[in-house]
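We did not get these values from a lab; they are worked out from the coordinates using the rules stated. Just so it is clear, the structure is predicted and the values come from calculations on it, not from any experiment. All Cβ positions, even for glycine, are placed from backbone atoms using ideal geometry, and neighbour counts span all protein chains on display.
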Amino acid sequence: MNTTLGSLVERAIMGNQRPLEFYLRDQSRLPGPRANLELLSDFSDLLAAVAAEQPEHTRGLLKYLTNEAHTTVKTNTPEEFVLLCGVVAYGACAGTQPSWRCEAFEVLADYAGHASWRVREGSALGFQRLLTSAPQETIRYLKDMATRGNYLRQRAAIAAIAEPPLLRADELVEAALAIQRTVLERMRCAPAQDRKREQFRALRQALGYTLSVVTAAAPESGFALMRECAGWGDADITWVLRENLKKKRLAKFPEDTQALIRLLA
């Protein structure tokens, strides 16, 4: 663990947040093609550990990092990285603090609709932290987002649970399949005017890879769902299926993929 980061976090939870904020900005690697994801992970892990011992001070730091001054940041900037760290850490810390979880779910759901695509990814990462520490509670919330949420909340739900390391537990695989199905069925019913909107297209883009992640973890059920979707004759869902068939993770299922290609021809 970065000793400088540890020292700055210690100062920040006692009320001196600016040095930590400056450090996160300086080490963000933004503007650039890839943010400093290693630092993001280290910061989230460290804050989760600190939260177990100093919950109220940690909560104050999280609120500082995600306050209104940070929520209006422009994309691909160091300021965006500061907000991203706060969002992901919210999920990580709620994993050690059960009483925070309802609040953390709402915070992450709100950031699922942020203007910054990195912050939206941060929402999914925060939910992934909670899926590891509190799977049943988090599954229930993600299912609700998939069922009732807007397009970007649906996107967060499918992206959060479509993560290969998580899909080693039967409970999570089953939930992932159910969430993909719910979102696909809602997409099928989307009105024509919605399909040109950025939020819908962001959801479609995410489905273009999440379905193959889940199918690779549960081939029999996943391909059955894909074959069912192929019969719907929906142009956007057909695009989703074709994108997933391009993924290398499905190459080890040649008979199933070829059968789907024939259905889509």
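What number, in percent, do you get for the relative contact order of the chain if the mean sequence gap of Cα pairs under 8 Å and at least 6 apart is divided by its residue count?
Across the chain, relative contact order equals 12 percent.
GluC sites (Glu not before Pro), restricted to the stretch 160-229: which are DSSP loop and have at most 11 other Cβ atoms within 10 Å?
Sparse-neighbourhood loop GluC sites (Glu not before Pro): none present.
Please give the length that would be gained between A169 and E10 if that part of the chain were fully extended, namely 0.36 nm times their separation in residues minus their C-alpha to C-alpha distance (nm, one decimal).
Result for the pair: 53.7 nm of gain on full extension.
Over all directions, how big on average is the projection of the convex hull of the alpha-carbon atoms in the stretch 174-225, in square nanometres?
3.5
Could you check which residue among C229, C93, C189 shows the biggest mean-square fluctuation in a GNM of the chain with a 10 Å Cα cutoff?
C189
Throw me the Rg/Rh for the stretch 167-265, computed over C-alpha atoms with Kirkwood Rh, two decimals.
0.95
Could you work out the relative contact order of the stretch 1-78? I mean the mean sequence separation of Cα pairs under 8 Å and 6+ apart, divided by the number of residues, in percent.
In percent, rounded to a whole number, it is 36.
Read phi for every residue in the stretch 134-147 and hand back ³J(HN,Hα) as whole Hz from Karplus 6.51 cos²θ - 1.76 cosθ + 1.60, θ = phi - 60°, with x for Gly and Pro.
9, x, 5, 4, 5, 4, 4, 5, 5, 4, 5, 5, 5, 7
Considering all alpha-carbon pairs of the stretch 211-265, what whole percent are spaced by more than 13 angstrom?
51
Each residue of the stretch 74-80 in order: what ³J(HN,Hα) in whole Hz does its phi give by Karplus 6.51 cos²θ - 1.76 cosθ + 1.60, θ = phi - 60°, with x for Gly and Pro?
8, 6, 6, 10, x, 5, 4
Can you compute 3J(HN,Hα) from phi for each residue in the stretch 216-232, using the Karplus curve 6.51 cos²θ - 1.76 cosθ + 1.60 with θ = phi - 60°, rounded to whole Hz and x for Gly and Pro?
Coupling constants for the stretch 216-232: 5, 7, 9, x, 4, 6, x, 5, 4, 5, 5, 5, 4, 4, 4, x, 6 Hz.
On average, how much area does the Cα convex hull of the chain cover when viewed from any direction, in nm²?
Reported value for the Cα convex hull: 14.1 nm².
Hey, what did the stretch 137-265 get for relative contact order, percent, Cα under 8 Å, at least 6 apart?
Once divided by the residue count of the stretch 137-265, the mean separation gives 24 percent.
Could you give me the percent of Cα pairs per 10 Å distance bin for the stretch 59-134, shortest bin first, beginning at zero and ending with the bin that holds the maximum distance?
Over the stretch 59-134, the share of Cα pairs per 10 Å bin runs 23, 57, 19, 1 percent.
Taking the radius of gyration and the Kirkwood hydrodynamic radius from Cα positions alone, what is the Rg/Rh ratio for the stretch 140-203, to two decimal places?
So for the stretch 140-203, dividing Rg by the Kirkwood Rh gives 1.01.
Suppose only helical runs count, i.e. DSSP H with n ≥ 4. What mean residue ellipticity at 222 nm does that imply for the chain under -39500 (n - 2.57) per run, divided by all residues and rounded to the nearest 500 deg cm²/dmol?
-23500 deg cm²/dmol
Given charges of +1 on the Cβ of Lys and Arg and -1 on the Cβ of Asp and Glu, with all other atoms neutral, how large is the dipole of the stretch 1-133 about its Cα centre, in debye to the nearest 20?
220
Using only the alpha carbons, work out the radius of gyration and Dmax of the stretch 1-133 in angstrom.
In Å, with Rg to one decimal and Dmax whole: 13.2, 37.
Compare T182, T72, T96 in a GNM of the chain, Cα atoms joined below 10 Å, and give the one with the largest fluctuation.
Largest GNM mean-square fluctuation: T72.
What is the distance, in nm, between label points placed 7 Å from the Cα along the Cα-to-Cβ direction at W232 and at R262?
Placing both labels 7 Å along Cα→Cβ, they lie 2.4 nm apart.
For R140 paired with R29, estimate the spin-label separation in nm (one decimal), with each label point 7 Å from Cα along the Cα-to-Cβ line.
3.8
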